[in-house]
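First comes the structure, then the notes that go with it.
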Amino acid sequence: LKADPESSFAAWCIHHGKEIVIGDAMTEYKEYLPGLNEKWVVHGGEIRSIIYYPITVHGETIAAFTVQSHGFRQYEPYQVETLKTLAGYVGIALENARLFEELRTLATTDSLTRCMNRRHFMEVLTAEMARSRRYGTRLSVAIFDLDHFKSVNDTWGHLAGDTVLKATVETCSALLRATDTIGRYGGEEFVFCLTGTELDGAV
């Protein structure tokens, strides 16, 4: 959901990719938001000085950094430059966080089916086994494969086989509880970790 750049300073800043520097919000807001209802002044009338600066990643403005004050004309040009520098660092930090999350996902997720890969599943299973031993709770593991899966690839091609694998994970995920996990053990083999579950319940 995107905010209207004609009714929000932050949205205007992000939409235009330009900073906003206001010394007297009671009057200067019209330079940026001429159609804004003046009643907003009553609601936010205690704020006088406002700066918004765009946070940009790879040339795209994704957010806005703001500093506000109750006083009139509180911010000097050098302070605006400081905020510009800070916004740049925030943009770098956000991009680094995004890249880290991508790497974490690649390291723990099967690229085709989007469920856990074998290595990450085994880490989760090891932790759940330790928790089960410590607290005396039940834990079940179920492993299965798709019979005659090779014939699907041989008859319909590997793209069809990929579709079957993805549909398998989607179907299983819809049936499992939120506390259960599914992993791709290898090829057409999949495995469940079923916490708090007796053998009969796992079956």
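A few remarks follow.
- 1.4 Å probe accessible area per residue over the chain, in Å²: 66
- Per residue, the convex hull spanned by the Cα atoms of segment 58-110 measures out at 96 cubic angstrom.
- Convex hull of alpha carbon positions in segment 161-203: directionally averaged projected area 3.2 nm².
- Spin-label proximity, Phe144 to segment 187-203 - amide N less than 17 Å from point 7 Å beyond Cα toward beta carbon: 187-195, 198-203
- Largest first, the three principal axis extents of the alpha carbons in segment 106-203 are 49, 31, 19 Å in whole numbers.
- Principal axis box of the chain, alpha-carbon based, largest edge first, Å: 73, 48, 32
- Here the sum of -39500 (n - 2.57) over DSSP H runs of 4 or more residues, divided by the residues of the chain, equals -15000 deg cm²/dmol at 222 nm, to the nearest 500.
- Semi-axes of the equivalent ellipsoid for segment 92-143, Cα gyration tensor, largest first, Å: 29, 15, 6
- With every protein chain in place, the chain: carbon and sulfur % of accessible area (1.4 Å): 57
The values are calculated or read from the model by the stated rules, or taken from the named source; none is laboratory data. Since the model is a prediction, treat every value here as computed from it, not as a measurement. Backbone-built Cβ (ideal geometry, glycine too); neighbour counts: all protein chains shown. Ligands, DNA and RNA are excluded from the accessible area calculation, which covers all protein heavy atoms including side chains. Shrake-Rupley method; radii C 1.70, N 1.55, O 1.52, S 1.80 Å.
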